[in-house]
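One structure is given here, and the rest of the page talks about it.
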Amino acid sequence: MVFLFVLVLLALLAPVIANQKPLYVVYKGQTFYPAFTSKIKYTVTDPLTKEVEDIDIDKTDWKQLKLESVVWPLIPYSPGRSDLTNANYISPNGKQEFKNADGKYVEMPGRFRHRLGTGVRGDDVLAGLIHGTRISLTVGLLSMLLASLLGIALGATAGYFGDNYLRINRGGMVGFYVSLLPAWFYSFYVRSSVLGDALSSSALAFILHLLLSLLLLVIIILIITKLFGATLGRLPFFNKPTATHFDSWLTRIIETVISIPGIILIIALAAITQELTAAVIVVIGITSWTGIARLIRAEMLKVRELDYIIAAKASGLKNAAIIFKHALPNAIQPALVSMVFGVASAILIESGLSFLGAFQIDSVTWGSMLAEGRSNFSAWWLVVFPGLMIFLTVTSLNILGEALRDEMDVREN
Amino acid sequence: MVRYIVKRLLQFIPSFILITFLGFVLNDYAPVDPAERLAARSLDGGKPITGNQRDIALKQWRHKLGLDLPMFYISVKSLAEPDTLERVADRGERENFSKQAKLNAPNWQNYIPTISFHADNRYHRWLFGDGENSKGVLRGDFGFSYATGEPVGDILTSRIWYTLLFSLGGIFLAYLISIPLGVYAAVKKNSWFDRTSSVVLFLLYSMPSFWLATLLLMAFANPDVLYWFEASGVKPAQGFPEGASVFEKLRIALPYLVLPMICYTYSSLAFLSRTLRVSVLETIKQDYITTARAKGLPENKVVWRHAFRNALLPLITVLANVFPYAIGGSVILETVFTIPGLGFETFRAIMSQDYPIIMAMLTLTSILTMLGLLLQDILYAFADPRISFNNTKR
């Protein structure tokens, strides 16, 4: 548990903990905060010679400047940034060199040691591990967010209404079928360029746009269904209410989705988009909601028969209010356990595929570091430490999941 | 029961359509146009063909592969877009056309959907064949590999044995070890053995397979540390000696097989033992076990005859997952150990955008998943007579 908190903290504070830019610096009489700024360069005027110097904040090696006063982050390196003096796999306890501000090579001072060694280009392993936390947790949490949104919405609806209690008239049914293709057109086809742009900017932006598209899809379908129900539904044949058989449909959809081979799809999508992170999140999100939906549905079937739900119905509450306010809180616990395990498995899949090393990944991940270690076994630190991070993360998530499950069993008894 | 199986097989049709359709969509967005690739490889007296000849070759290939047809039975486009874009042979030109059309049309036309139906399309041809070159998937013809020109069926049958060897061998070993382990741990609950094995199995369960594989390779297939096993492949590069018997072949191949086998076994081993322990513990609490003990049955018989049989159910779930896992799950392990199986082949195919192979893999995996689920339900019914085929609502 403690380890998970540490991981979340590391992920949130990664740029402050491991960064090759100092947190605070005084250079030629002027004060800067390079790690926190969004500027590209500083313009520094020398007070004596009046010489103007441009400092590119990101590209400058701050360790080479004659700084009057400086506060370095805990680990003064960024992931994936080469340190050519220590290139070619320097081990954690090996001889490391440092090029000081006078341009001389000296024994590495303790403050700047690569604590966990370096990779082929001299990139710091510890910094990579810390920033890798970010990617792993993002993948785990976002994919489960997507999966649980889908799973909870569909599972709760199916469990609460069952096959027979969600009824619309035949006009509405016609509207539903008519709406499917246009809804897809407006939510995905028209927005395809927006989605494509989002994909090339960041995984998070893409997921948000994807959710927006899904929401749009649902809204369009609902509006057209309602519209048809209210107009066409007045005519003699079309006004007969029919059951939607939502539950049976969902069960069938789940059976269909289960047989989608996730890993093959992820690799294929990643090969096309060259965005492994986004591919993992999207594919896991849209394939692993089935487990959550099943659990929620099964719980909902039990909960809807309980007295307080019947009382809520009798007192005239709307269905949506009953589902979200009263029924879901009691039905969600088994799904929580499955979400925790889901986060672990998403992290495993992402690191496993980045370990294959076939995709161009801009950022350093645990898997990509492990892949570097695989190509050179003498660099044992590149095999042991990233692997240990994955292992510890997955183990602690599994422990959390088991603990949650045990907790709930006790409550049931 | 036959009726039940037929019903389940019919339910599989939508899954099959969905998955293969997804494959087609991915195919369509692939950065490399297969016809361009095949045309670029056509030679004119040893030199790659260029210019006009290339255009002709491109057109021929597009026609042969059916790329000049729409993708699916139904297509949705905006009113602004021409619906016969597929007939333009050059990819760049095609994209340009589409962009120009969208820009030139009045803007409102971009927001009006048009739905059209096509009787003759690529998906249809893939399923039923085009009557000349291919017979279609439904008659077992998956086309030919873009990379090597070999028929996909031949490639699959030559690769599948390694995958089956490792996944079935791994699961067999896992059952062999986990059944005594899980039952013993449950019977001796809270003993020293139970506690240690629980912790070890839990850690094994969370162990990423690719990390274990790398660690094993680093420790036991590394000339600098211990060089007991071979790092890649499944047999010596020069092949087996002439006239070697099966056992001799096995002996020679053993250094190649041990490490992958460990990696294939351990995770299902951990899962199986843990599940088995929990479910034996559940059954041992039941009244009929107390009855069996009270009437004086030897403990051995109580455990194996009564408790174990009823604890079997969760083990079936694992068996059902073997086949789908064999392809998808083995991508990573087969790549690490360079085993020329289906997983490795899939990975290679995706990376080189060899779509006929990818489509075949998608089809195969989905069929195997479905068969696995069906097998699971049937086995459930055999293991537990209370489950019947008639109301298997899950």
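Only one residue in B:ALA35, B:ALA30 is within 25 Å of B:MET351 (Cβ to Cβ), within 14 Å of chain A (Cβ to nearest Cβ) and among the small types (Gly, Ala, Ser), so which one is that? If you could, list the steps in order and put the result at the bottom.
Details: B:ALA35 fails: within 14 Å of chain A (Cβ to nearest Cβ).
The unique qualifying residue is B:ALA30.
Can you list the helices (runs of 4 or more DSSP H) lying wholly within the range B:300-394 that have 3 or more residues being crowded, with 18+ Cβ neighbours inside 10 Å, modelled with pLDDT under 75 and within 11 Å of chain A (Cβ to nearest Cβ)?
Answer list for the range B:300-394: B:313-328.
Contact list please: Cβ distance under 8 Å, first residue in the range B:11-31 and among the charged types (D, E, K, R), second residue modelled with pLDDT of 80 or more, pairs at least six apart or on different chains.
Qualifying pairs under 8 Å: B:ASP28/B:MET71.
For A:GLY262, all conditions in the list (1) surrounded by 15 or more Cβ atoms within 10 Å (Cβ to Cβ); (2) in contact with a strand residue (DSSP E or B) (Cβ under 9 Å, 6 or more places away or on another chain) hold save one; what is the number of the exception?
So A:GLY262 meets the others, but not (2).
Starting from residues that are β-branched (Val, Ile, Thr) and free of Cβ contacts under 8 Å to residues at least 60 places away in the same chain, keep the ones in the range B:103-150 and report whichever is nearest to B:ALA360 (Cα to Cα).
Let us first name the residues in the range B:103-150 that are β-branched (Val, Ile, Thr), namely B:112, B:114-115, B:137, B:148.
Of the ones still in play, those that are also free of Cβ contacts under 8 Å to residues at least 60 places away in the same chain are B:112, B:114-115, B:148.
Details: B:ILE112: 36, B:THR114: 32, B:ILE115: 29, B:THR148: 16 Å.
That would be B:THR148.
With the requirement that a residue be closer than 21 Å to A:TYR77 by Cβ and without any contact (Cβ under 8 Å) to a residue 60 or more places away in the chain, what does the range A:20-37 give you? Give the steps one after another, and end with the answer.
Within the range A:20-37, the subset closer than 21 Å to A:TYR77 by Cβ is A:20-25, A:27, A:32-37.
Selection gives A:LYS21, A:PRO22, A:LEU23, A:TYR24, A:VAL25, A:TYR27, A:PHE32, A:TYR33, A:PRO34, A:ALA35, A:PHE36, A:THR37.
From the list A:GLU350, A:GLU299, which residue is within 12 Å of chain B (Cβ to nearest Cβ) and assigned to a helix (DSSP H, G or I)?
On the way: A:GLU299 fails: within 12 Å of chain B (Cβ to nearest Cβ).
Sole residue among the options that is within 12 Å of chain B (Cβ to nearest Cβ) and assigned to a helix (DSSP H, G or I): A:GLU350.
What are the residues in the range B:225-279 that are under 21 Å from the mean Cα position of the chain (by Cα) and of a type in the set (Gly, Ala, Ser), if any?
Selection gives B:GLY233, B:SER267, B:SER268.
State yes or no: is B:SER267 in a loop (DSSP other than H, G, I, E, B), within 29 Å of A:ALA379 (Cβ to Cβ) and among the hydroxyl-bearing types (Ser, Thr, Tyr)?
no
For the range A:354-392: of the residues being polar (S, T, N, Q) and closer than 14 Å to A:HIS131 by Cα, which is farthest from the other protein chains (Cβ to nearest Cβ)?
First pass over the range A:354-392, keeping only residues polar (S, T, N, Q): A:354, A:360, A:363, A:365, A:368, A:375-376, A:378.
Filter again for closer than 14 Å to A:HIS131 by Cα, leaving A:363, A:365, A:368.
Working: A:SER363: 19, A:THR365: 13, A:SER368: 12 Å.
Checked the range A:354-392; the qualifying residue farthest from the other protein chains (Cβ to nearest Cβ) is A:SER363.
Take the range A:327-367 and flag every residue that is under 17 Å from A:PRO79 (Cα atoms) and buried (at least 24 other Cβ atoms within 10 Å of the Cβ).
A:SER351, A:SER354, A:PHE355, A:VAL364, A:THR365, A:TRP366, A:GLY367
Identify the residue in the range A:160-194 that is closer than 28 Å to A:LYS318 by Cα and within 13 Å of another protein chain (Cβ to nearest Cβ) and, among all such residues, is surrounded by the most Cβ atoms within 10 Å (Cβ to Cβ).
So, considering only residues that are closer than 28 Å to A:LYS318 by Cα and within 13 Å of another protein chain (Cβ to nearest Cβ), the one surrounded by the most Cβ atoms within 10 Å (Cβ to Cβ) is A:ALA183.
Tell me, yes or no, whether the range A:61-70 has at least one residue that is assigned to a helix (DSSP H, G or I), surrounded by 16 or more Cβ atoms within 10 Å (Cβ to Cβ) and in contact with a Gly (Cβ under 6 Å, 6 or more places away or on another chain). First the steps, then the outcome.
Taking the range A:61-70 as the starting set, the residues that turn out to be assigned to a helix (DSSP H, G or I) are A:62-64.
Within this subset, residues satisfying the condition of being surrounded by 16 or more Cβ atoms within 10 Å (Cβ to Cβ) are A:62-63.
In the following step, the residues that additionally are in contact with a Gly (Cβ under 6 Å, 6 or more places away or on another chain) were identified as none.
Scanning the range A:61-70 turns up no residue that is assigned to a helix (DSSP H, G or I), surrounded by 16 or more Cβ atoms within 10 Å (Cβ to Cβ) and in contact with a Gly (Cβ under 6 Å, 6 or more places away or on another chain).
Select from the range A:263-278 the residues that are modelled with pLDDT under 85 and more than 7 Å from chain B (Cβ to nearest Cβ) and write down the one among them that is nearest to the chain's Cα centre (by Cα).
So, considering only residues that are modelled with pLDDT under 85 and more than 7 Å from chain B (Cβ to nearest Cβ), the one nearest to the chain's Cα centre (by Cα) is A:GLU275.
So which residues in the range B:168-204 are of a type in the set (Ser, Thr, Tyr) and either without any contact (Cβ under 8 Å) to a residue 12 or more places away in the chain or away from chain A (no Cβ under 14 Å) (or both), if there are any at all?
Once the filter is applied, which keeps residues that are of a type in the set (Ser, Thr, Tyr) and either without any contact (Cβ under 8 Å) to a residue 12 or more places away in the chain or away from chain A (no Cβ under 14 Å) (or both), the range B:168-204 yields B:TYR175, B:SER178, B:TYR184, B:SER191, B:THR196, B:SER197.
List the number of the failed condition for A:LEU328; all other conditions in (1) under 29 Å from A:ALA158 (Cα atoms); (2) facing chain B (nearest Cβ under 10 Å) hold.
(2)
Go through the range B:106-152 and give me each residue that's within 14 Å of chain A (Cβ to nearest Cβ) and surrounded by fewer than 15 Cβ atoms within 10 Å (Cβ to Cβ).
Answer for the range B:106-152, where residues must be within 14 Å of chain A (Cβ to nearest Cβ) and surrounded by fewer than 15 Cβ atoms within 10 Å (Cβ to Cβ): B:ASN107, B:TRP108, B:TYR111, B:ILE112, B:THR114, B:ILE115, B:SER116, B:PHE117.
I'm trying to understand the selection: among the residues of the range B:153-176, which are more than 30 Å from B:GLY66 (Cα to Cα), in contact with a helix residue (DSSP H, G or I) (Cβ under 7 Å, 6 or more places away or on another chain) and surrounded by 16 or more Cβ atoms within 10 Å (Cβ to Cβ)?
If the condition is that a residue be more than 30 Å from B:GLY66 (Cα to Cα), in contact with a helix residue (DSSP H, G or I) (Cβ under 7 Å, 6 or more places away or on another chain) and surrounded by 16 or more Cβ atoms within 10 Å (Cβ to Cβ), then B:THR163, B:PHE166, B:SER167, B:GLY170, B:ILE171, B:LEU173, B:ALA174, B:TYR175 are the ones that fit.
Looking for something modelled with pLDDT under 80, more than 16 Å from A:TYR189 (Cβ to Cβ), away from chain A (no Cβ under 14 Å) and part of a helix (DSSP H, G or I) - is there at least one such residue anywhere in the range B:68-89?
The answer is yes, given that some residue of the range B:68-89 is modelled with pLDDT under 80, more than 16 Å from A:TYR189 (Cβ to Cβ), away from chain A (no Cβ under 14 Å) and part of a helix (DSSP H, G or I).
Is the range B:249-259 home to any residue that is modelled with pLDDT of 80 or more, over 30 Å from B:LYS188 (Cα atoms) and in contact with a helix residue (DSSP H, G or I) (Cβ under 6 Å, 6 or more places away or on another chain)?
yes
Hey, can you tell me all the residues within the range A:381-399 that are in contact (Cβ under 8 Å) with a residue 40 or more places away in the chain and either touching a His at 6+ places or on another chain (Cβ under 6 Å) or buried (at least 18 other Cβ atoms within 10 Å of the Cβ) (or both)?
Hits for the range A:381-399 are A:TRP381, A:LEU382, A:PHE385, A:PRO386, A:MET389, A:ILE390, A:THR393, A:VAL394, A:SER396, A:LEU397, A:ASN398.
Looking for whichever is more than 13 Å from chain A (Cβ to nearest Cβ), out of contact with any Lys or Arg (no Cβ under 7 Å at 6 or more places or on another chain) and crowded, with 17+ Cβ neighbours inside 10 Å here; the options are B:GLU242, B:GLU248, B:GLU230. Which one fits? Give the derivation first.
Details: B:GLU242 fails: crowded, with 17+ Cβ neighbours inside 10 Å; B:GLU248 fails: crowded, with 17+ Cβ neighbours inside 10 Å.
Selected residue: B:GLU230, the only one of B:GLU242, B:GLU248, B:GLU230 that is more than 13 Å from chain A (Cβ to nearest Cβ), out of contact with any Lys or Arg (no Cβ under 7 Å at 6 or more places or on another chain) and crowded, with 17+ Cβ neighbours inside 10 Å.
The values are calculated or read from the model by the stated rules, or taken from the named source; none is laboratory data. Predicted model only: the values in this text are computed from it and were never measured. Here the Cβ is made from the backbone with ideal geometry for all residues, glycine too, and neighbour counts use every protein chain on show.
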